[in-house]
Amino acid sequence: MATLSVKPGQRFTVPDWHTNSHLISADAERQRSASHQVRQEARALRNKTNNQAKWGEHNNQTRLAERISSVNRWKETLDKCLTDIDVEIDALAKVKEAAECALQAKNLPLDVSIECLTLRESRRAIDLVRDPVGEELHKEVKVIEKAKRELQQRVREAFEQQCLLQEARQQLSWDHRCKMEALEIDCMSLSLSVDSPNISFKVNPTRVPDGSTAPDEWERNSQCNKEHAEAEMKASAELREATLLTIAQTNNQLEAQCGATEFALRKRIRDLDRAHDELKWQEQNTLEEITEMEEDIRRLEEDLRRKMQDLKVAHTRLEMRTYRPNMELCRDQVQYGLTREVHQLEGTIRALKQKLAESQDASDALYRQLHRIQTDIGYKANSLVLENKCLDSRRKLLVPSEKLVAELDTFNRTTNRALSPPKRGQLEL
């Protein structure tokens, strides 16, 4: 009888078969759950990193734009300073040339004086006396030599000041060129995007380059260059005024030999005229300053009102947030931010009130000074009228009586000419 062949191998029971099926289903369920968890975490990570990257790029774009604006402001300041120092260099060169011309012009009077003294040495016998003419000639030689020494000193000082101005200009020019290069680099950096063709990975891009400076040091460097240039320009302006004054004084000293009294009187008229013009100029500037101060006071008051409104908003927000229920009443970043805002606004309001009080005090002082200037202008105008009457009276000593009436109408009186305020930094010769 034939028998059924049985394949060799392990035989499983039906429960084992069911158990195996359940295990496979459970494993598949776990794998799907784990995969779902990974997918959710990946999505959250993508959203988080995308937001971080977006805001990081936005913040850096803003910082770059602010940095470009800051550098550009300094560039414009340096531009103006360079223009001013160029103008000052040209003005100083002209004054130096004027001093050299005045120095050269003193040679002829000196030669004439020495020649006169030499000729007078040919006098004989009793005529060889020390008379007033000789004394005046010796005094004239001393005045001319003193004038030449002073003018030579001014020329030397002007040359040294020109060197200092050129040095300050070189520093400004170098700083200006650096600012231009930095602006170009930052503008190129600001224009970069993910679609730019020239972006790539760099080796150690976060390194701190040698010679790096802090923002405060950068600011101080430009400020020092600007202040140095302004100080040299101020010194140059003072030197120009002193040089022009020296030229005027030397000329006046030479002219003083032909009439001390009349010269003193005319000099007094010029001084009064300059003082009157200066006072008119001061009056105009004081009026302009009063106008600007009143406008600034109005703006301070408006800013103070706006800051009070901002403080009310911050107080209201803080007060409303105190009503949050239970665990929601937490000291979060909003709470700290609002608190800092309140403290900052309170400090700002105190500073604005103090500055407003100072501005009002300054405005009152300007009004008092304006009254003083206007009073002094009246005094100067009255003195000018009196001095010109004295000058007209002294003309009787030089002009014959029959010509006096005819010539008085054409005489160039100080009171007949229009008073014009002198330009700042320029001496009226």
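The shape of region 27-73 comes out prolate: with a ≥ b ≥ c from the C-alpha gyration tensor, a/c is at least 1.5 and a/b beats b/c.
The peptide list 151-159, 346-354, put in order of mean Cβ contacts within 10 Å with the highest first, becomes 151-159, 346-354. Between HIS18 and ASN326, take the C-beta separation as r, use R0 = 51 Å, and let me know the FRET efficiency to the nearest 0.05. Once the sixth-power term is evaluated, E becomes 0.45. Which stretch or stretches of region 193-224 have amide N atoms under 15 Å from the point lying 7 Å from ASN60's Cα along the Cα→Cβ direction? Zone members listed by number: 193-196, 198-208. Considering only the Cα atoms of region 132-202, their convex hull presents on average a projected area of 7.5 nm².
Any idea of the accessible area per residue across region 7-84, 1.4 Å probe, to the nearest Å²?
Working: 6480 Å² over 78 residues.
So region 7-84 comes to 83 Å² accessible per residue, rounded to a whole number.
Translational diffusion of region 269-335, estimated by Stokes-Einstein from the Kirkwood radius over alpha carbon pairs at 20 °C in a medium of 1.002 mPa s, is 128 µm² per second. With the simple spin-label model, which puts each label point 7 Å out from Cα in the Cβ direction, the GLN309 to SER200 separation comes to 5.5 nm.
The values are calculated or read from the model by the stated rules, or taken from the named source; none is laboratory data. Source: prediction; values computed, not measured. Glycine gets a Cβ as well: all are built from the backbone with ideal geometry, and neighbour counts include every protein chain shown. Ligands, DNA and RNA are excluded from the accessible area calculation, which covers all protein heavy atoms including side chains. Shrake-Rupley method; radii C 1.70, N 1.55, O 1.52, S 1.80 Å.
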